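Here's the structure, in structure tokens; my notes come after.
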Amino acid sequence: MNFNPGDIVNFSVMVAPILFLLAVGLMLMLMDVLKAHSSMPLIAGLGLIGAGVLAVLPEKISSMQAFYGMIEVGNIAPLNIVFLCLSGVFTIFFLPDYLKRQDKPIYEVYTLLIFAIIGMIMMANASDLLITFIGLETFSIALYVFAALFKKEETSNEAGLKYFLLGAFASAFLLLGISLLYGLTGYTNLNDIAANASKLTDNPALFFTSIGLFIIGFLFKVSAFPFHNWTPDVYSGTPTPLAGFMATGSKMAAFIALGTVLIKLNFTQYDKLVNVLALAAILSMIYGNVVAVRQKNLKRLLAYSSIAHTGYVLLGLCAGKAGFVAVIFYMFIYTIMNIGAFGLVGIAERTLADTDMDKWKGLGIKAPYFAAAMSLFLFSMAGIPPFAGFMSKYQVFIAAIGSGQILLAVIGILTSVIAAFYYIYLIVIMYFGKNESPEVSPRFDWTTGLGVGLLAVLILLLGIFPSLVLQPLLQYMSGSISAVAAAF
Amino acid sequence: MSNTVLSLIVLLPLAGAALIGLTGFLNERFRHQEKLIGLIATSAVAIPFFIILAAFLQFTSGHGEHHDAIRFSIIPWIETAGIKINFSYHLDQLSLLMGMIVTGIGSLIHIYSIAYMHHDKGFYKFFLYLNLFIFAMLNLILGDNMAVLFLGWEGVGVCSYLLIGFWYEDMEKAKAAQKAFVANRIGDFAMIGAMFMIFGQVHSLNFADINASAGSLGDNAFWITLLLFIAATGKSAQIPLYVWLPDAMAGPTPVSALIHAATMVTSGIYLIARMHPVFNVPAAEPVLIVIAVVAAATAILAALIAIAQNDIKKVLAYSTVSQLGFMFMALGAGAYTTAIFHVMTHAFFKACLFLGSGSVIHAMHHYFDETHEHKDPQDIRFMGGLKKYMPATGMTFWISTLAIAGIPGLSGFFSKDEILANTFFSGFDHGSIYFIVWLVGTITACLTAFYMTRLTYLTFFGEARYKTDKHHPHESSPLMTIPLWILGILAVVGGYLGLPAGVFGHNAHILNHTWFHGLINNRDLEHTMHEHIALEYGLLVLAIAIAVGVVYFAYNFYAKNGLEGDEKVKKVFGSMYKWMENKFYVDEFYEKTILKPFVWAGDNIVVWFDKNIIDGVINGSASATAAVGDVIRRMQTGYVAHYALIISIGVVIIIGYLILG
């Protein structure tokens, strides 16, 4: 390839959202130094929205790479940016109030959040495996810091350390997988690897090892069984709204990255790879849902529930190309309801100083808006129409059935009955539990209230009009990765 | 009629709910304007009733035999590649009938509730939920595709859940609501499964398409119909999922009348009737037998329990489960129109009975307040002789009891007789198991006549078992008694839409031979019935003899013995009575066999995993992990080593499988 100075300008325009976010991140650092703390959340939020707008402003294009095949800018990439930025925006609503829990508020969070999202975007839209890895490490480091944010709290420290140790461990597998792929084909670029697919299967053992390790690295990030065990410990130690972000934004990015690579390699032709994913899906759904039934701590409950949700998304991924829209759709809906749920748990944690379920007895009467919003998110997570959570589950089930994975879909349906049990139990506690002590009840400040309202409206709106998201997804995707013929 | 006007059928209840909800939410004073709220909520249901009535008149005045369904749609819903689903509805014979039942009885119950819920602090919320329920129910019965039906199916479930727990006081009631929810969920997922299978085969969820291509389903029809039936057992309270319905009586009584007697619980029957071509496929024949057997078992089990209950609402609840069993017996015999016929007559007399019980509870509640007694206002052992003080309630209750018992000339007689005749004659053509079903049904009919007469006698007749010197219970306000009278009259005349064809001639059965003709095809039994016309007369005489005989006997029995009568009943049933009293311990059985294992698994799965897998591996490869272990143990988070180990095991298994597998 010939280097041309003009390319730098061209390419920079193509990745404008990333550069913009970078500028916002730097500006936030500066604001931190200049003690302009109060407007940091606003700037961070507007920055993310701005980046999202920048992403979809240009006409949509079919597949195209910037920086000599390093990063995808066409196809579905702009939408990925929008979804990832939105996960950040949703999180920011809950941060200012929650961080008051500490005597000395921590403002680096906003900067780190922006940098984390840059990493996620790079990973999700990478078309070179090196960028995938760099993106992954970029956001992972931010997440390690999130986990250990409350320096003085033992649980937070423990969470940070655990996540870091295990995360590093898992990254090693991922990197080894990438190296082996390079060894097999001589490329790290996805399109080149796909073009030389014949070389891959020359040595099946090495090929399966490499791609297997690659998948394992991501299964860890999305906390799929049996790489899930860090999740409950880390989520319960991490500041709650950030745990919500961890469970959603980072998983969404990981699923998009994994899905893109696997689909490029046309993985559905290798039954073994599909079986690995299917087994991980089944075990995640069963393990997550069954263990969640007995959790008394809300953050642990949500952690196990997130393992189960990972199972459902993997179920969609097993369907290959046809399930990819369902995967992204599911993750986006999950992002909305889960950030909402974690956010509300965070509010309650701040006022009740605990995340024990028993403390929530009688909240239905004491804090009606709070309880109503939480119920809405829980209903949606249980997959009950007309809430969006039903639509997302429906999409992955239909994708799985479409690709002949009947057994998977059946297990998915059965386990969601178990899930309904513990989600509803929490609602029962709120509305019917008698609380003994007249304690303070959780209250919204206006930013949090706005966030909760927005997320609740989105859940209802997208439950009734899922096309609002599905339609753009299909349109953007109708380049290389053709769409799922979703039912209904 | 234009699309806009027809859309109002569905949109008005939603608008009513939104208006009441938002205004009540924002304005504290509005919450106490009970008349205004009642007016809004009632009109939001009554106006749709009149629109449906107008559509009905337009429909019947249509030309010739073949009526096309009236269609309307609101907005497009889901549009993804390949598939479009709209919020579209149809009014054909079946939906028109169901629509009139839902909005008609719905309006009456709204009016009744204005008085019943007077001074309740959740007054506006009650009507908000009630309107929302009607909206969901109309989606369920008017939707022209399974997707809209399913939306309504879930919607009525949520509303029912909200209304059961309306007076949230204790965890017991909360558990009832949760139980209702989980039971319904199990049914719902069967429904989703059926939808997926249908979509996989037919590539459409429109009823018209599904029914048209039912023949091509082949053996799949077996699984589809089985799943649909499981879905129906959840909503319509059949074995094994019926346990939630008696508990649902924790909600306000008008809710029991509307949701748990007249409308929502019959949606399973509607579903099967709507999709009956799939059930008529030969492969589905075993499923019909399953339906008939489960239905008969449910009917008799619930009737036995009802005999031994003393809570007026509990008796009616088990009676409802039992009557729903009758409807499913009809479905199991392939007599879909007969099932709908019983849905209709049952809606009249059971709504009347429930509203009557509400009126009684209301009165007893006030009476016990006045006398400062702490007694259960729902317990019939503290009642008796109430007809003297509550003539309207007593009269309508008695009429409805006679109707459900099957006294000739009243509505229940015709529909129940038709069900029993259909199961009996199915025995000739479709396997003699139907004879047993018929026998169980007939015994259940005897039991029904007995426990309903017992209930009415102990409540309204005989001696008052409370002091009447200073205070006595009072009749409820006209807002409550007028709906009772309307329903009572319907319970009398509703049966004349379906006179027995064998006796009165082909055309006497208006429902089958004029109304549903061409839309619903029952399994053909006419030939068999013709062959055995004498038997049909015989069955009719038997039904009359049973109803009149048992009611007469039960009335005199309790007139002679009073409350002591129950002791004698206890002796007759012997040791089984204890089982009946305790509802055959089904709840306890479920608790032990289903709930406990789950809880146990949740508790132990992690422990087991740690103990057997992790420790085992650690002990086995202690040296290998020692290096890592030492470092990590110093950090006081011993588990990290375990986690890393599990991850490693996972890696080894996955890579091993990929290379060697």
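List of remarks:
- Residue match in the range A:89-111 (condition: part of a loop (DSSP other than H, G, I, E, B), in contact with a Gly (Cβ under 7 Å, 6 or more places away or on another chain) and aliphatic (A, V, I, L, M)): no
- Candidates B:LYS578, B:LYS583, B:LYS571, filtered to the one that is without any contact (Cβ under 8 Å) to a residue 24 or more places away in the chain, of a type outside the set (Val, Ile, Thr) and surrounded by 12 or more Cβ atoms within 10 Å (Cβ to Cβ): B:LYS578
- Where helices (runs of 4 or more DSSP H) fall entirely within the range B:446-536, those with at least 2 residues that are modelled with pLDDT of 80 or more are at B:478-493.
- Test for A:ALA388: is it among the hydrophobic types (A, V, I, L, M, F, W, C), more than 8 Å from chain B (Cβ to nearest Cβ) and within 24 Å of B:PHE199 (Cα to Cα): yes
- Taking the range A:141-174 as the range and being over 21 Å from the mean Cα position of the chain (by Cα), part of a helix (DSSP H, G or I) and surrounded by fewer than 18 Cβ atoms within 10 Å (Cβ to Cβ) as the test, the residues that pass are A:GLU154, A:THR155, A:ALA172.
- Leading residue by the ranking (farthest from the other protein chains (Cβ to nearest Cβ)) among those in the range A:285-314 that are under 16 Å from the mean Cα position of the chain (by Cα) and farther than 30 Å from A:LEU352 by Cβ: A:VAL313
- The helices (runs of 4 or more DSSP H) located wholly in the range A:209-278 that include 2 or more residues which are in contact (Cβ under 8 Å) with a residue 24 or more places away in the chain and within 11 Å of another protein chain (Cβ to nearest Cβ) occupy A:230-237.
- Applying the criterion of at least 1 residues that are at pLDDT 95 or above to the helices (runs of 4 or more DSSP H) found wholly in the range B:248-349 leaves B:267-274, B:285-307, B:312-332.
- All told, B:THR456 meets the bar of being crowded, with 22+ Cβ neighbours inside 10 Å, assigned by TED's automatic domain parsing to the domain that holds B:LEU539 and either among the aliphatic types (A, V, I, L, M) or closer than 18 Å to B:LEU316 by Cβ (or both).
- Residue count, the range A:102-155 (criterion: farther than 21 Å from A:ALA168 by Cβ and among the hydroxyl-bearing types (Ser, Thr, Tyr)): 4
- Meets criteria (modelled with pLDDT of 85 or more, away from chain A (no Cβ under 14 Å) and in a strand (DSSP E or B)) for B:TYR112: no
- Residue in the range A:391-408 that is more than 10 Å from chain B (Cβ to nearest Cβ), surrounded by 17 or more Cβ atoms within 10 Å (Cβ to Cβ), of a type in the set (S, T, N, Q) and under 22 Å from the mean Cα position of the chain (by Cα) present: yes
- Qualifying residue in the range A:428-439 (condition: more than 12 Å from chain B (Cβ to nearest Cβ), among the polar types (S, T, N, Q) and assigned to a helix (DSSP H, G or I)): no
- Failed item, numbered, when B:LEU132 is tested on (1) surrounded by fewer than 24 Cβ atoms within 10 Å (Cβ to Cβ); (2) within 14 Å of chain A (Cβ to nearest Cβ); (3) modelled with pLDDT under 90: (3)
- Residue within the range B:523-531 that is of a type in the set (S, T, N, Q) and without any contact (Cβ under 8 Å) to a residue 60 or more places away in the chain present: no
- The lone criterion from (1) hydroxyl-bearing (Ser, Thr, Tyr); (2) modelled with pLDDT of 90 or more; (3) within 21 Å of A:SER87 (Cα to Cα) left unmet by A:TYR182 is number (3).
- B:LYS375 vs. criteria assigned by TED's automatic domain parsing to the domain that holds B:THR528, in contact with a Ser or Thr (Cβ under 9 Å, 6 or more places away or on another chain) and of a type in the set (Lys, Arg): no
- Taken over the range A:164-179, the criterion of being in contact with a Leu (Cβ under 7 Å, 6 or more places away or on another chain) and within 11 Å of chain B (Cβ to nearest Cβ) is satisfied by A:PHE173, A:LEU176, A:GLY177.
- The residue of the range A:188-208 that is farthest from the other protein chains (Cβ to nearest Cβ), among those that are outside any helix (DSSP H, G or I) and farther than 28 Å from A:MET64 by Cα, is A:ASP202.
- Pair list, Cβ under 6 Å, 6 or more apart: the range A:469-488 residue more than 8 Å from every other protein chain (Cβ to nearest Cβ), other residue at pLDDT 70 or above and part of a loop (DSSP other than H, G, I, E, B): A:TYR476/A:LYS60; A:TYR476/A:ILE76; A:MET477/A:ILE76; A:GLY479/A:SER62; A:GLY479/A:SER63; A:GLY479/A:ASN75; A:SER480/A:SER63
- Selection count where residues are in contact with a Ser or Thr (Cβ under 9 Å, 6 or more places away or on another chain) and at the interface with chain B (Cβ under 9 Å from one of its Cβ atoms), scope the range A:369-382: 1
The values are calculated or read from the model by the stated rules, or taken from the named source; none is laboratory data. Keep in mind that what you see is a predicted model, and the values were worked out from it rather than measured. For neighbour counting, all protein chains shown are included, and Cβ atoms are generated from backbone atoms with ideal geometry for every residue, glycine included.
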